[in-house]
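Input: a single structure, listed below in structure tokens.
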Amino acid sequence: MQDIPRLIDTVFRIERPRLIATLARMLRDASLAEDIAQDAMTQALIDWPKRGPPASPQAWLMATAKRRAIDHLRHVKMAEKKHLKLAGAEDDGGAAIAALEASIDDDVGDEVLSLIFTACHPALTPDARAALTLKLVCGLTSAEIARAFLVAEPTMAQRIVRAKAALSRSGADYEIPRGAELERRLGSVLEVVYLIFNEGYAPTGGNAVLRADLAGEARRLGRMLAARLPNDVEALSLLALMDLQASRFAARVDADGNLVALPEQDRSRWDRLLIHQGLTSLERAQALASKPGFYRLQAEIAACHARARRWEDTDWPKIETTYAALLAFNPSPVVALNHAISAGMARGPAVALELIDGMDGLKDLEAYAPLHAARGDALFHLERWREAERAFEIAGRLASNNRERDFLAARQAQCRKQAGTS
């Protein structure tokens with residue numbers, strides 16, 4: 001019996017997105033859907049230790065949650081009926097509630113996909129879409145989402161409350177859009193899925209080097225999108241990118257949980273099946289359209305790494321060229337930084353340092369740890385030890401992830417050691 005709370009927690013974490021999606025579709029209220037899903041879990045914590053877990057825990061949670069939702073709707077309907085009676089009007093005799101109750105065991109289908117499209121509703125700002133998706137679909141706490149966005153927890157909690165309120169006011173139907181509306185909203189959905197994956201691939205806070213669960217959720221959403229939209233180039237490309245990046249997870253962390261840089265990774269531990277899946281998705285995307293988009297260009301860069309059996313085999317000129325194309329497509333300081341790094345790998349650290357220091361938007365990245373880490377790496381290879389040490393020190397101070405700070409502190413110590421022996 002002592003394992004039942006753990007079972008409930010595990011089942012709830014897995015089923016939570018489906019529960020909320022189904023309840024939100026019934027209730028047209030995301031906040032209320034969350035509350036009722038939580039109530040179902042609380043009921044499980046009361047019932048299961050007494051009676052033992054049901055044969056199908058997932059079905060029990062769903063049925064309990066749906067019953068509570070229908071009870072809520074019936075209660076609201078009764079209140080409305082009283083008001084209508086006082087006003088001398090008529091109601092529908094509870095037909096809507098009866099229809100919902102009759103369909104309680106129906107397969108809703110595409111529940112989570114409908115929820116992410118709803119969370120990415122155009123009535124919300126881009127930041128609100130991402131925050132709401134992480135909350136509703138992925139089950140992150142407000143504190144975890146706040147770390148991802150580098151804002152205070154109360155600020156993020158209020159942002160999520162406002163997003164839910166805006167969603168309610170929008171009259172969202174909690175369904176997957178179709179036709180032109182689907183095309184219009186797909187870009188924001190892909191953007192949010194990518195943000196979720198990145199928070200799993202390189203968490204912005206905490207002690208973990210990666211969060212495979214979060215990245216896995218993003219990949220699951222990506223597979224759903226690609227399956228539903230098999231001829232959409234960017235949906236396929238994003239799936240390819242995530243699979244190729246995820247193939248390195250086992251090699252990115254050592255036995256002590258520390259970050260392992262790409263040059264030192266044991267490539268025999270890379271997941272060849274994920275690489276095959278990623279390359280297959282990328283090849284399909286390339287066959288569908290000759291002109292690459294934002295995610296396809298990034299997938300092509302990831303493919304260069306995946307195809308290299310050794311660090312020395314990496315096609316850095318190809319990566320530099322692709323980053324240049326990506327920079328033309330999306331001229332942002334972060335892409336410019338990655339282009340500078342790849343140029344340094346292809347043509348030497350002096351080129352990287354020159355490009356970094358001459359970047360447009362350099363001031364926008366002053367508080368961005370990877371900028372200073374990249375400068376530190378270029379300076380290190382130029383044997384400018386003291387300058388490199390200072391750059392790694394700044395990067396470590398700016399890093400929000402504890403493991404990343406440890407990694408940068410080790411690089412800083414390496415520079416100090418080299419400076420002392422030169």
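The values are calculated or read from the model by the stated rules, or taken from the named source; none is laboratory data. All values derive from a computational prediction rather than experimental measurement. Note that each Cβ is placed from the backbone with ideal geometry, even for glycine, and that neighbours are counted across all protein chains shown.
Could you look through segment 12-64, keep only residues that are in a loop (DSSP other than H, G, I, E, B) and modelled with pLDDT of 85 or more, and pick out the one that is surrounded by the fewest Cβ atoms within 10 Å (Cβ to Cβ)? Can you show your working first?
Our first condition is that a residue be in a loop (DSSP other than H, G, I, E, B); within segment 12-64, this holds for 28-29, 52-56.
Keeping just the survivors that are modelled with pLDDT of 85 or more gives 52-56.
Values: GLY52: 10, PRO53: 17, PRO54: 15, ALA55: 7, SER56: 11.
My answer is ALA55.
From LEU365, LEU337, LEU371, grab the single residue that is within 26 Å of ASN258 (Cα to Cα) and either touching a Phe, Trp or Tyr at 6+ places or on another chain (Cβ under 7 Å) or surrounded by fewer than 21 Cβ atoms within 10 Å (Cβ to Cβ) (or both). Don't jump to the end; show me each part of the working.
Working: LEU337 fails: either touching a Phe, Trp or Tyr at 6+ places or on another chain (Cβ under 7 Å) or surrounded by fewer than 21 Cβ atoms within 10 Å (Cβ to Cβ) (or both); LEU371 fails: either touching a Phe, Trp or Tyr at 6+ places or on another chain (Cβ under 7 Å) or surrounded by fewer than 21 Cβ atoms within 10 Å (Cβ to Cβ) (or both).
The unique qualifying residue is LEU365.
If the requirement is being more than 18 Å from SER281 (Cβ to Cβ), out of contact with any strand residue (DSSP E or B) (no Cβ under 7 Å at 6 or more places or on another chain), small (Gly, Ala, Ser) and in contact (Cβ under 8 Å) with a residue 40 or more places away in the chain, which of these qualifies: ALA202, ALA212, ALA235, ALA226?
Numbers: ALA212 fails: in contact (Cβ under 8 Å) with a residue 40 or more places away in the chain; ALA235 fails: more than 18 Å from SER281 (Cβ to Cβ); ALA226 fails: more than 18 Å from SER281 (Cβ to Cβ).
After ruling out the rest, the residue left standing is ALA202.
Given the structure, is ALA328 touching a residue at least 12 places away in the same chain (Cβ under 8 Å) and of a type in the set (A, V, I, L, M)? Talk me through it step by step, then tell me what you get.
Values: touching a residue at least 12 places away in the same chain (Cβ under 8 Å): no; of a type in the set (A, V, I, L, M): yes.
No; evaluated as a whole, the condition is false for this residue.
Kindly list, by first and then second residue, each pair from a residue in segment 169-182 that is touching a residue at least 12 places away in the same chain (Cβ under 8 Å) to a residue that is hydrophobic (A, V, I, L, M, F, W, C) and surrounded by 10 or more Cβ atoms within 10 Å (Cβ to Cβ), limited to pairs with Cβ atoms under 7 Å and residues at least 6 apart or on different chains.
The qualifying pairs are SER170/ALA123; TYR174/ALA24; ILE176/LEU113; ILE176/PHE117; PRO177/PHE117.
When you go through (1) closer than 28 Å to LEU27 by Cβ; (2) over 19 Å from the mean Cα position of the chain (by Cα) one by one for ASP213, which number turns out not to apply?
Of (1) closer than 28 Å to LEU27 by Cβ; (2) over 19 Å from the mean Cα position of the chain (by Cα), only one is false for ASP213: (2).
Which of the residues belonging to segment 381-408 are buried (at least 21 other Cβ atoms within 10 Å of the Cβ) and more than 29 Å from the chain's Cα centre (by Cα)?
Result: ALA388, GLU389, ALA391.
State whether the residues of segment 392-401 include one that is modelled with pLDDT of 90 or more, part of a helix (DSSP H, G or I), under 30 Å from TYR295 (Cα atoms) and β-branched (Val, Ile, Thr).
Scanning segment 392-401, I find no residue that is modelled with pLDDT of 90 or more, part of a helix (DSSP H, G or I), under 30 Å from TYR295 (Cα atoms) and β-branched (Val, Ile, Thr), so the answer is no.
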